[in-house]
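Enquirer: Handing you a structure now.
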Amino acid sequence: MPLEIVRNDITRMEVDAIVNAANNALLGGGGVDGAIHRAAGPKLLEECRTLNGCETGKAKITKGYDLPAKYVIHTVGPVWHGGGEGERTLLSSCYRESLALAKAYDCETVAFPLISSGVYGYPKAEAMQVAVDEISRFLMENDMTVYIVVFTRDAVELGGKLFKEVTAYIDDVYVADHYDPYREAQRSESFPAAAGNGLFRRAHREDTARNETIFRQTEMAAPKANLEDMLSQIDEGFSQMLLRKIDEKGMRDADCYKRANVDRRLFNKIKNNPAYRPSKQTALAFAIALELPMLEAKELLMKAGYALSHSNREDIVVEYCIMTGNYNLIEINQVLFRLDLQPLGY
Ligand code: ADP
């Protein structure tokens, strides 16, 4: 997936380059800088001494030494002074400069911490927004896998408006749907005195009888089905519907898969194999990228063999976003990440 938010210690990331939130001297410090120097070993500091520091908003590259990553890109984020001193511009520049360096060194995978969001005091949710905006912009033009690595204890501070709305919606839908009358009936059977007990059982018996009648009627009415005929009339598949929708929307293939946070290889696999069955996360990501209204989103999902269910929290998040016309996949993934749920786009 081109952009992924993960919980981890950045020094453990097995990527081509990790980015260090360094200071102007580039001679090590606290926070993530200290952790990276400890994990990379003393040779990193030796190389850093040869670099003559780094200006705020710029980036320099060294080897990774004892780290699993091949390179460390050192960038210096701005200190937060309330937002009125060009902090956003400087922070954006850190991401742009680091990504440009990663590209120049042919890195295919890069991991960023949330630069400036520790000792330098940039509010975490806003720091995340800058990271997501700049990385997404870069990925529109370039093929790379970029991770934003968030320390577990930081994740709680990454709230945001959409997160609050979605959690309220999950509470409503999840609780409402988990009221199951039959379970309630069974429960009250253990307490025969409970009111409504008989009523539930009668309703259940009536339902079963009604379903059996409908089934028999359908059986009688249906013409003798021929399996071969049925197979020859097979419906449009996921791949075909996806390509048709891309054309109908007047999108380029690349616009669609980039918006879906799906990489080119996976898209080509889907495109070239009409019987391809994507994961549910991929199918949903395309529904979001295509800005499909609810019915069409459900249809596309069905083509891949899936449904949206209220017993699944991921599905409720996506449903809420489609219903409210929020088709920003990265924003949706931020909410899923915060809720410890699987992101869209795999
Ligand atoms: P800055 O001085 O740019 O604010 P810090 O190192 O203080 O840099 O913090 C940057 C961010 O990195 C903070 O959100 C902090 O919690 C996080 N962080 C610290 N150590 C690690 C680590 N080992 N892996 C990933 N993130 C880390």
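All of the numbers you see were taken from the coordinates with simple rules; none came from a lab. Quick caveat, the model's predicted, so the values are computed rather than measured. No Cβ is skipped: glycine too gets one built from the backbone with ideal geometry, and neighbour counts run over all protein chains shown.
Enquirer: Nearest 20 debye, what's the magnitude of the dipole of region 46-93 about its Cα centre given +1 on Lys and Arg Cβ and -1 on Asp and Glu Cβ?
Expert: Using Cβ point charges on Lys, Arg, Asp and Glu, region 46-93 gives about 160 debye.
Enquirer: Right, something else. Relative contact order, percent, of region 222-346 when contacts are C-alpha pairs under 8 Å separated by at least 6 residues?
Expert: That works out to 28 percent.
Enquirer: Setting aside same-chain residues fewer than 8 positions from LYS124, which lysines have a Cα under 17 Å from its Cα?
Expert: Within the straight-line limit of under 17 Å, LYS124 reaches these lysines: LYS161, LYS164.
Enquirer: Order of 90-98, 118-126 by packing, highest average Cβ count within 10 Å first?
Expert: Top of the packing list down: 90-98, 118-126.
Enquirer: Moving to a separate point now. I need the calculated FRET efficiency for the pair ARG265 and GLU47, taking r as the beta carbon distance and R₀ as 35 Å, to the nearest 0.05.
Expert: 0.55
Enquirer: Something else: Quick one: if you stick a label point 7 Å off each Cα along the C-beta vector at MET302 and THR89, how many nm between them?
Expert: Calculated label separation equals 5.3 nm.
Enquirer: Right, here's the next one. So, R0 is 22 Å and r is the distance between the beta-carbons of GLU228 and ARG277; what FRET efficiency does that work out to, to 0.05?
Expert: Result of the calculation: an efficiency of 0.45.
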